[in-house]
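Report on the structure given below.
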Amino acid sequence: MRRCLGPARRYRWVVVFILVLACSPYESSESSPSPPPTPAPGPFTLIPSDRLTTWSPGIPGGIPARTTVCANLSAGTYGNGSGDATNGIQAALDACPVGQVVQLSSGDFKITHFLQITKGIVLRGAGPTQTKLKMPVGTNSNLITVGTQWFKFTQATNLASTASKGSRSVNLANNPGLTVGEIVLVDQLTDSSVTEWSSKSPPGDASRTWFTRPNRPVGQVMEVQAVSGTTITFTTPFHIAFQTGFAAQLTRFGNVDNGPVIPSVKYAGVEDLYLSGGSGGQGNITLANAAYSWVRNIESDFQDGPSVGIDASFRSIVRDSYFHSTQQPFPGGGGYGISFSWYSADNLVENNIVWNMNKVMVMRASGGGNVIGYNYMEDGRNGNTPTWVEVGLNASHMTTPHYELFEGNQSFNFDGDNTWGNSVYITVFRNQLTGKRRSIPPLRLTDSQNVRAIGLMEGHMWYSFVGNVLGTANQNPSPASGFVYDASYPWRNSPIGMWRLGYNPENWNAPADPKVLSTTIREGNFDYATNQVRWASAAQQLPPSLYLDEKPAFFGSNPWPWVDPTGATKTFTLPARARFDAMPGH
């Protein structure tokens, strides 16, 4: 069950006021740890209410079971990969009634143009080791699109009043004909008190249109619940305020600029397939203007572009999948694992593996309420520089992602990159950030540049890091001299800091950004450099989750929460990591 954790949510525990003794920022792992605090139940107040939102992502009730098959397609019909299966599969998708399944047999299917799912049906294989959709490299297309391949926007409507954070209703200047259940976008112009564009994105630059409407970096995809004249009520709350002072607007989706409305695709799924070869920066699979849709039990391999892209989508799910081995492990957009963009909101990415990418994930102007939960992300790399440690879990790569939750993941680090701007109001809860990549063969990586467990580049504000475990019990700093708690200015690669806050990799001579330092919350995190749990305020017992009401089924008999910074055992088994380690060669 999902938990709605809003500002009013509180846990009825008693607070024990115990503080951990302060440590020198350059203590090594050999220093004597202070006695651990023993927090008792009490109100959970470590994250202020203005940094919380409702995290209740994905499809209410989970992914629906679809059992009626409208078409069975055999790989043998298309030469088991020698002939082109694209038109045959697309015809079956187009003819399939809503609520039913296009079933592919075991074998190989050659795909030469993207397959598009435009209604609530499922494309299903016999499993990712059995049913394989392969695109010839260089085809300049993705393999599958759920939704509208090249969505556009209709004429915008101004908000007549500011939409307050946490509210579900807003008044419009006029009603453009909205209907109940319609998926829409709300956005606003740049507010410089929140958004910090990169110097590479000056006013008027084309980059300000790549993943947003022009110069509108803050937005949220929403669903209309009720219409009463010009008062519109939505099914989810506003995660951030949209202000008339910054020309807040509501826009509908289409496939032609300022053209007619195109309904979003709802309740469509892709399951049990292997995908390979999406090229031209298009990646392998895209959810685009989709809602209540899903990607489940997919192996996505050897793509150029996002392995899975979540674009302008709402309440969709990516789960139980394996994304790996990009064609393009270089900066520039070709080698990303999971990508959020175009104000996507309230989506769930859970129990996945991402390995051997340039950036294992990016968030490019995402819309809030998204949860990245219980994934294993490893070996992000720059193919030109195997010594450079890329960002791991990442709440940025285009301004301004906001109110996103990272919970229960394991990655070699967490960072908010500043390549194209900042992100704000991000919560990082009960993750393990190991600080070093594993360099799984055939990779040969040496972590010697920009090594950190948690980094936060300049510009990022109002981050909350609570209940995480930094490093590993057997960590080895080589080739660095050792580990310390904080890496601070002047920046250097040795010793390795568990934390590196406020740095700018485009200007190593710049001191730490004071905005990052003054707005970052660090509470209840354990690190293996000092072997201590650090509290900035009174020690508190941590809730099991910020979005789940109970142990998720995929944990089976494994302990949950699996990250326990205040317990005797700091980490247990993450199912996604266990699946990865059980694969041949790992």
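Every read-out reported here was derived from the displayed coordinates using simple, explicitly stated rules and does not represent laboratory data. Worth saying up front: this structure is predicted, and the values here are computed from it rather than measured. All Cβ positions, even for glycine, are placed from backbone atoms using ideal geometry, and neighbour counts span all protein chains on display.
Within a straight-line Cα-Cα reach of under 19 Å, Lys152 can be paired with the following aspartates and glutamates, leaving aside sequence neighbours fewer than 8 residues apart in one chain: Glu182, Asp187, Glu223, Asp257, Asp311. The slack in the chain from Asn158 to Ala510, taken as 0.36 nm per residue of separation less the alpha-carbon distance, amounts to 122.7 nm.
Under 22 Å of direct C-alpha separation, and excluding same-chain neighbours fewer than eight residues apart, Lys436 reaches these lysines: Lys359, Lys570. Couplings for region 135-146, taken from phi via the Karplus curve 6.51 cos²θ - 1.76 cosθ + 1.60 with θ = phi - 60°, read 10, x, 4, x, 6, 6, 7, 7, 8, 9, 10, 9 Hz in order; Gly and Pro are left as x.
Per residue Cα convex hull volume for region 33-162, in cubic angstrom? Before the final figure, lay out each step's value.
Values: hull volume 38.6 nm³, N = 130.
Spread over its residues, the Cα hull of region 33-162 gives 297 Å³ apiece.
Partner lysines whose Cα lies under 18 Å from the Cα of Lys110, excluding those fewer than 8 positions away in the same chain, are identified as Lys132, Lys134. Each of Trp197, Trp210, Trp388 has some number of other Cβ atoms within 10 Å of its Cβ, and from fewest to most they run Trp210, Trp388, Trp197. Here the calculated FRET efficiency for Val98 and Ser167, from their Cβ-Cβ distance with R0 = 25 Å, stands at 0.15, rounded to the nearest 0.05. What does the charge count near Pro511 come to, summing +1 for each Lys or Arg and -1 for each Asp or Glu among other residues with Cβ under 15 Å from its Cβ? Around Pro511, the surrounding residues sum to -1. Tell me, what is the percent relative contact order of the chain, built from C-alpha pairs under 8 Å that lie six or more residues apart? It rounds to 14 percent for the chain. Peptide packing: for 268-279, 230-241, the average count of neighbouring Cβ atoms within 10 Å per residue gives the ranking 268-279, 230-241, highest mean first.
Compared with the dominant principal axis of the Cα atoms in the chain, helix 86-95 is inclined by about 80°.
Could you state the per residue volume, in Å³, of the convex hull enclosing the Cα atoms of region 140-277?
147
Centroid-to-centroid, using Cα positions, region 43-72 and region 457-530 are 31 Å apart. Residues whose amide H comes within less than 5 Å of that of Ile521, counting only those at least five positions distant or on another chain, are Tyr463, Ser464, Phe465 (H built at 1.01 Å from N in the peptide plane). Alpha-carbon geometry of the chain: the Rg and the Dmax are 23.2, 70 Å, given in that order.
Between the alpha-carbon centres of region 179-216 and region 390-436 there is a gap of 20 Å. What the Cα atoms of region 446-528 give is an Rg and a Dmax of 12.6, 34 Å. DSSP bridge analysis restricted to the chain gives an antiparallel fraction near 25%, rounded to the nearest 5. Modelled spin-label separation between Thr387 and Thr77, with each label point placed 7 Å from Cα along the Cα-to-Cβ direction: 5.6 nm. Using only Cα coordinates, the Kirkwood hydrodynamic radius of region 223-359 works out to 16.3 Å.
Across the alpha-carbon set of region 340-497, the Rg to Rh ratio works out to 0.95, Rh being the Kirkwood radius.
Just to verify a number: FRET efficiency for Thr67 and Asn175, C-beta to C-beta distance, R0 = 56 Å, to 0.05? Can you show the working numbers first?
Values: r = 40 Å, r/R0 = 0.71.
For Thr67 and Asn175, the calculated efficiency is 0.90.
Summed over qualifying helices (DSSP H, 4 residues or more, each -39500 (n - 2.57)) and divided by its residue number, the chain shows a 222 nm mean residue ellipticity of -1000 deg cm²/dmol.
Would you mind getting me the FRET efficiency between Thr45 and Leu517? Use the beta-carbon distance for r and R0 = 22 Å, nearest 0.05.
Approximately 0.50, to the nearest 0.05.
Here each label is just a point 7 Å from Cα along the line to Cβ, and for Asp257 and Ser537 those points are 4.8 nm apart. The share of C-alpha pairs in region 245-307 whose separation exceeds 15 Å stands at 65 percent. Going by a ≥ b ≥ c, the root eigenvalues of the Cα gyration tensor, does region 500-563 fall in the rounded group (a/c under 1.5), the prolate group (a/b larger than b/c) or the oblate group? Verdict is prolate for region 500-563. Summary of packing: across the peptides 404-416, 51-63, the per-residue average of other C-beta atoms within 10 Å ranks them, highest first, as 404-416, 51-63.
For Thr118 and Leu443 in one chain, what is 0.36 nm times their gap in residues minus the Cα-Cα distance, to one decimal in nm? Can you show the working numbers first?
Details: separation 325, 0.36 × 325 = 117.00 nm, distance 3.88 nm.
Here the answer is 113.1 nm.
Relative contact order, whole percent, for region 152-254 stands at 48, derived from Cα pairs under 8 Å and 6 or more residues apart.
Find how many whole Å separate the alpha carbon centroid of region 536-564 from the alpha carbon centroid of region 287-324. About 26 Å separates the Cα centre of region 287-324 from the one of region 536-564.
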